[in-house]
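Below is one structure, written out as C-alpha cells, with a few remarks after it.
Values in this text are rule-based calculations from the coordinates and carry no lab data. From a predicted model like this one, the values you see are computed outputs, not experimental measurements. Every residue, glycine among them, receives a Cβ derived from its backbone with ideal geometry; neighbour counts consider all protein chains shown.
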Amino acid sequence: MLGSMNDEPSTRQRLVFTATRLFRQRGYDGTGLAEILSEAGVPKGSLYHHFPDGKADLACAAADWTASEIVRVIDDSFRAAPDWRHGVTTFCYKMAKLFDILNSADACPIFGLLFEGPDHDRFRAHAEAAFNRIIAAAARHGEMLGMAPDTAHEAAETFMIGFQGSWTLARMRKNSDVLRSLPGRLSGPVTA
C-alpha cells in the first residue's frame, strides 16, 4: 500500500493497481499482459521478477489488495459504530460512494478469480481465502460489539452475501441505491 500521498508507488504496486483496475473493467480473460505492462509503465522483466507466474500471480495479488482495501473500509466503518447495524450501514454508504466514483463500478477482482482464471482450483482457493479474510474482519467487529463468536461469524457472512449480491444488482441497474438499501433489507423482512 502507499505510505503517503507523496510517495511514488513501487513497481510492484503499479503492477497491482493497474491490474486490479483492468481486471475490474475487463475481467481476467479480457485483460492482456501487454496492456497491464504498458499502462503501468513497467518492463516485462520486472513483472516476472515480482510475479514469477505472470498474469496468474498478478491476479491473485489484485484479489489480495482488493480484500485488504475492503477490510480497511470495514474497520473504518465499524470503528465508531455503536452497534452492528450502524457499522453495516456506514460500510454500505461508503461502498455506494465508491460505486458512484467509479461510475457504476466494475466487477470485483476477487469474484472474477472464481470463474476466469486459468487454474480454477488455485483461483477458487485464493478467492475463498480473500473472502474469508473479509468475513473474519467483519466478524471481529461483531464480537467487539458484544455478539457471540458464532453469531458474529454468521452475521458477517450474511452481510457479505448481501453485499456481493447488492453490488452485482447495483452494477446491473447502474444505481448505487441498491447498496444503500442493504442494511434495511438485512435487518428483517419488509412488512406489508
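Starting from the Cα of VAL73, step 7 Å toward the Cβ, then list every residue of region 133-163 with an amide N under 17 Å from that point. So the set is 133-139, 156-163. Computed from Cα positions, the angle between helix 55-78 and the longest principal axis of the chain comes to roughly 30 degrees.
For region 138-144, putting each phi into the Karplus relation 6.51 cos²θ - 1.76 cosθ + 1.60 with θ = phi - 60° gives couplings of 5, 4, 4, 5, x, 5, 5 Hz, in residue order, rounded to whole numbers and with x for Gly and Pro. Among residues other than HIS50 with Cβ under 14 Å from its Cβ, the summed charge is +1 (Lys and Arg +1, Asp and Glu -1).
With contributions of -39500 (n - 2.57) from each DSSP H run of at least four residues, the per-residue ellipticity at 222 nm computed over the chain stands at -24000 deg cm²/dmol.
Between ASP100 and GLU128, the contour length at 0.36 nm per residue exceeds the Cα-Cα span by 7.4 nm.
Given a Förster distance of 41 angstrom, what is the FRET efficiency for ASP150 paired with SER46, based on the Cβ-Cβ distance and rounded to 0.05? Let's see the in-between values first.
Numbers: r = 46 Å, r/R0 = 1.12.
E(calc), rounded to 0.05, equals 0.35.
A cut-off under 11 angstrom between Cβ atoms defines the neighbours of CYS92, and their net charge, with Lys, Arg +1 and Asp, Glu -1, is +4. The label point for ASP83 and the one for ARG185, both projected 7 Å from the Cα toward the Cβ, are 2.2 nm apart.
When the chain is fully extended, how far beyond the present Cα-Cα distance does ASN175 get from ARG26, taking 0.36 nm per residue of separation? Don't skip to the answer; put the middle values down first.
Numbers: separation 149, 0.36 × 149 = 53.64 nm, distance 1.97 nm.
Value of the extension gain: 51.7 nm.
Straight-line cross-link reach from LYS174 at under 18 Å between alpha-carbon atoms covers these aspartates and glutamates, not counting any fewer than eight positions away in the same chain: ASP100, ASP106. Other residues within the sphere of radius under 13 Å centred on the Cβ of THR158, judged by their own Cβ, net out at -1 (K and R +1, D and E -1). Couplings 3J(HN,Hα) for region 120-128, derived from phi with the Karplus relation 6.51 cos²θ - 1.76 cosθ + 1.60 (θ = phi - 60°), are 4, 5, 4, 5, 4, 5, 5, 5, 4 Hz, where x marks Gly and Pro.
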